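All remarks here apply to the structure that follows.
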Amino acid sequence: MDATKKTISINVYVLIFSLILLSALLTHFMPAGQFERVEVDGRSVVKADTFQFTDGNPLGFLDIFSSIHGGMVQGAETIFFVLIIGGAFGVLSATGALDAFLGMLSRKLGRHDKLVIPLLMLFFAAGGSLMGMSDETMVYVGVLVPLAIALGFDAMTGLAIVMIGASVGFTSAVMNPFTIGIAQGIAELPTFSGIGFRLVLFVVLYSAAVAYVWRHAAKVKKNPAAGIYGKFQHVNKEELLKGQGKMEMRHKWVMAIFLLNFLVLMYGVIQFGWYIPEIAGLFLLFGILMGLFGKLSPGKIADHFIKGAGDLIGGALIIGLAQAILVIFNTAGTMDTILYYSAGVLDSLPPAISAVGMFFFQLGLNFLVPSGSGQAALTMPLLAPLSDMIGITRQTAVLAFQFGDGMSNIIFPTVGYLMASLAIAGISWGKWLKWFFPFFLIEIAIAVIALIIAQWIQYGPF
């Protein structure tokens with residue numbers, strides 16, 4: 001092999017296990033501490049100025065390995081969600097309806113492929129910005145990745161349409177109830193106030209995202225060998241592009257049920273606040289229905305469900321492995337210590353860059369707390385009064401949280417739905433990191449500029 005073609009491969013399991021070892025080692029040097037907490041609207045919220053050092057509980061050698069089991073238990077809800085989604089897609093794939101549908105769709109969209117990327121990314125960006133769409137996006141990856149390939153792009157294009165589209169919407173958070181809504185409530189700001197500035201940010205981030213994804217897609221369109229096809233690299237793309245598979249009546253029934261599944265999902269999320277357990281149950285039900293209408297026997301439905309779930313077992317295990325890091329810090333009592341010292345560093349920064357410092361603090365913390373609402377409940381009670389002391393508006397502090405949480409959701413391997421989506425597409429985290437990182441730097445630059453402007457104009461209300 002030519003030495004110039006060798007690349008460094010990042011094994012995400014080795015990476016996370018190394019971080020687990022490092023975290024366990026830190027518990028022997030980092031003092032334990034605790035903030036008092038109160039219940040606010042059903043959430044456990046930190047009380048500022050209540051931190052006290054406590055007796056530590058550093059992890060022993062065997063505790064390192066038992067923490068992995070604890071992480072699996074803590075991440076069980078997301079892990080089983082991923083496996084059920086994979087099983088449902090396994091049944092859908094076995095009916096042949098998806099291949100037939102994509103063949104038909106590729107023929108109809110073939111002449112308008114330039115519109116596919118901006119239109120679909122607008123849909124996901126709007127969902128992320130208005131409804132907080134994040135975990136739900138993984139269910140779209142199984143459709144968009146083969147569709148992108150059918151249109152002459154690659155798996156990375158399909159994955160990016162979903163992940164980056166939803167991410168820039170989630171980051172701009174025009175009316176995201178799970179981040180901006182909760183954070184503003186804790187910071188005692190009017191709900192969804194400051195919306196005008198966030199609308200401008202939505203346009204800027206969305207435009208940058210479309211340009212980045214389209215640049216890659218155009219390169220692949222011109223030279224298919226330059227594409228990244230994940231587990232679809234052995235698919236006969238020429239056959240898919242020609243659309244040789246015909247939509248039979250059973251295929252139409254299956255796709256109708258598949259569409260109905262998403263309509264029920266959106267209604268349930270908006271009307272009843274459904275989350276992972278309800279969505280997982282919905283996919284299990286509709287997976288069985290798709291199999292029956294696709295003329296699969298009960299035994300075949302079970303077999304293909306297990307096969308589909310098995311395809312995602314690697315991504316599911318990563319979710320539990322990553323949760324072990326949080327288990328370690330909580331067990332040792334050092335999570336609140338990290339918050340306490342981080343707030344102290346922010347307090348010492350010059351006012352001109354304090355908002356930027358808050359952004360990088362939130363960005364790094366998301367590695368340990370990948371839940372937007374959880375991160376808001378954990379940090380905003382500290383950062384809201386801190387922002388008053390260091391001379392920036394509370395709205396700017398919320399904006400820093402919003403940026404830090406949103407932008408890191410599709411880069412850290414501790415984020416469950418990211419790893420599940422990569423598993424669905426068959427793209428390794430290392431390849432995704434290499435491809436996505438330049439856009440991540442673009443996002444950081446946009447965030448820094450926006451925060452400087454927000455601080456300059458005293459972005460309000462206070």
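What residue, of P370, P438, P385, is under 30 Å from G158 (Cβ atoms) and either assigned to a helix (DSSP H, G or I) or touching a residue at least 60 places away in the same chain (Cβ under 8 Å) (or both)? So that I can check it myself, show each step before the final result.
Working: P370 fails: either assigned to a helix (DSSP H, G or I) or touching a residue at least 60 places away in the same chain (Cβ under 8 Å) (or both); P385 fails: under 30 Å from G158 (Cβ atoms).
Of P370, P438, P385, the one residue that is under 30 Å from G158 (Cβ atoms) and either assigned to a helix (DSSP H, G or I) or touching a residue at least 60 places away in the same chain (Cβ under 8 Å) (or both) is P438.
Do we have L122 as more than 28 Å from K307 (Cβ to Cβ) and either modelled with pLDDT of 75 or more or in contact with a helix residue (DSSP H, G or I) (Cβ under 6 Å, 6 or more places away or on another chain) (or both) here?
It is true that L122 is more than 28 Å from K307 (Cβ to Cβ) and either modelled with pLDDT of 75 or more or in contact with a helix residue (DSSP H, G or I) (Cβ under 6 Å, 6 or more places away or on another chain) (or both).
M163: crowded, with 24+ Cβ neighbours inside 10 Å, assigned to a helix (DSSP H, G or I) and not polar (S, T, N, Q), yes or no?
yes
Which residue, of L263, L312, L292, is under 24 Å from F80 (Cα atoms) and surrounded by fewer than 15 Cβ atoms within 10 Å (Cβ to Cβ)?
Unique residue meeting the criteria: L263.
Do any helices (runs of 4 or more DSSP H) entirely within the range 263-338 hold 1 or more residues that are at pLDDT below 90, over 28 Å from K231 (Cβ atoms) and of a type in the set (A, V, I, L, M), and if so, which?
Values: elements: 276-293, 298-311, 313-332.
Result: 313-332.
Considering the range 388-398 alone, what residues qualify as being surrounded by fewer than 23 Cβ atoms within 10 Å (Cβ to Cβ), outside any helix (DSSP H, G or I) and not small (G, A, S)?
The one that is surrounded by fewer than 23 Cβ atoms within 10 Å (Cβ to Cβ), outside any helix (DSSP H, G or I) and not small (G, A, S): T393.
Among (1) under 30 Å from I313 (Cα atoms); (2) of a type outside the set (V, I, T); (3) touching a Pro at 6+ places or on another chain (Cβ under 6 Å), where does G391 come up short?
Condition (1) is where G391 drops out.
The values are calculated or read from the model by the stated rules, or taken from the named source; none is laboratory data. Quantities reported herein were computed from a predicted structural model and do not represent experimental measurements. With ideal geometry, Cβ positions are generated from the backbone for all residues, glycine too; neighbour counts draw on all protein chains shown.
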